[in-house]
Structure formats: C-alpha cells, structure tokens
Amino acid sequence: MTEGAITLGFDPGLATTGYGVVQACDHGWVVIDGGVITTPHGTSRPERLHDIYNEARELINRYHPRGVAIEEIFFATNARTAMLTAETRGVLLIATHGLPVRGYTPLQVKKRITGYGKAKKQQVQAMVKELLGLAETPRPDDMADGLALALCYLFDLQGVNKEEHDYL
C-alpha cells in the first residue's frame, strides 16, 4: 500500500538541482513541495557540492520520504558537464544515506510519465501537470523534472517493480 507515501525526486546539476516532493493519496498524487537548489557560479566546487548536500539533507529531514529518485546520467556530449553532474549525483547519493534510492535515465522518466521514451520535454511537463492536477505547468524545468522523478518512484511502488532499492 503506497497511500500516504512521500517520495523525493532530484534532477542533479551543479548550478541548479531540481527537486520535487510528491505524496500518494487515495485520489492520486499531490505535490508537497518543489523547487531548485542553486549554487553561485563563482563559488568553489567543493563549497557548491557541500551546499547541495546540506539542502538535500534539509529536504529529507523535513519530509521524511519513503524513497528518493535521482536522475541517472544517460548521455552527455559535454564531458565536463557530465562530470559535474556525476559529482552532484554522488553528493545526493551520500545525502540519501539510509533511504531507499532509485535511479532513472531521462528515457525511463519519459516512458513512465508519457508512455513514450522519446517524448519532448514539453510533453513530459504537460503530463506532470495533468497527473498532479496542477493549474500551471511546473517551472522551472529542473523542478518539473524533480516532480517527474518522484512520480516515477511512486509508480514503481504501485506497480510491478515494488522493490524499494535500486542501489543495494
């Protein structure tokens, strides 16, 4: 039974990490919170990663999620950007210590949310809006991705993939 379950989704990025907090209820899903963790460009990388860790821990302590979804790095044309995203994912994984965590590629998120793995970003955002009964499309994009990731985790808990951990 997933009613009442809260999940937290993270879309990692060094400059901007999107997050979404979603709760399962008897009539579907509701947004508890969503937003972005931003770090200033001129700050050192270790300090930025530490800030992301602290803010992620604060979200976890505030909402006590049943599980956390973090977007996987699937393909990157820019190796530097991929490395910065990988470092951010690592910090988020450390922040989730003690919680069940699942990773989803962008293709998996698109397929779970829209039914089509090559859906455009706008299609995913429109479905997130519809599924969560929101009046407007969630903005910014990073927050919308965080909400989509949180939904993916809830879908898995409600469906055939009920194991809580992706990373054991």
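Worth pointing out:
- Residue satisfying condition, being open to solvent by less than 30 Å² (accessible area, probe 1.4 Å), hydrophobic (A, V, I, L, M, F, W, C) and not in a strand (DSSP E or B), within set Ala56, Ala24, Ala69: Ala56
- Whichever residue in segment 78-111 is open to solvent by 50 Å² or more (accessible area, probe 1.4 Å) and polar (S, T, N, Q) and, among such residues, is nearest to Asp145 (Cα to Cα): Gln108
- Test: residue in segment 34-53 that is within 17 Å of Ala148 (Cβ to Cβ) and not hydrophobic (A, V, I, L, M, F, W, C): yes
- Hits in segment 39-53 - residues which are surrounded by fewer than 18 Cβ atoms within 10 Å (Cβ to Cβ) and within 16 Å of the chain's Cα centre (by Cα): Tyr53
- Considering segment 112-134, the residues that are closer than 24 Å to Cys25 by Cβ and out of contact with any helix residue (DSSP H, G or I) (no Cβ under 8 Å at 6 or more places or on another chain) include one that is most open to solvent (accessible area, probe 1.4 Å), namely Glu130.
- Some residue of segment 133-149 being farther than 18 Å from Glu71 by Cα, of a type outside the set (Gly, Ala, Ser) and not in a loop (DSSP other than H, G, I, E, B): no
- Against the list (1) under 21 Å from Pro106 (Cα atoms); (2) modelled with pLDDT of 95 or more; (3) touching a Ser or Thr at 6+ places or on another chain (Cβ under 8 Å), the condition Gly18 fails is (3).
Residue-by-condition table, conditions (1) at negative phi; (2) touching a residue at least 24 places away in the same chain (Cβ under 8 Å); (3) of a type in the set (Ser, Thr, Tyr):
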| site | (1), (2), (3) |
| --- | --- |
| Asp11 | yes, yes, no |
| Thr16 | yes, yes, yes |
| Ala24 | yes, yes, no |
| Val30 | yes, yes, no |
| Asp33 | yes, yes, no |
| Thr38 | yes, no, yes |
| Ser44 | yes, no, yes |
| Ile52 | yes, yes, no |
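- Inspection of segment 85-96 finds a residue satisfying the criterion of being without any contact (Cβ under 8 Å) to a residue 12 or more places away in the chain and either in a helix (DSSP H, G or I) or more than 16 Å from the chain's Cα centre (by Cα) (or both).
- Counted residues, segment 6-21 - those being open to solvent by less than 20 Å² (accessible area, probe 1.4 Å) and assigned to a strand (DSSP E or B): 9
The values are calculated or read from the model by the stated rules, or taken from the named source; none is laboratory data. Note that the structure is a prediction, hence the values are computed from the model and not measured. Reconstructed Cβ throughout: ideal geometry from the backbone, glycine too, with neighbour counts over all protein chains shown. Ligands, DNA and RNA are excluded from the accessible area calculation, which covers all protein heavy atoms including side chains. Shrake-Rupley method; radii C 1.70, N 1.55, O 1.52, S 1.80 Å.
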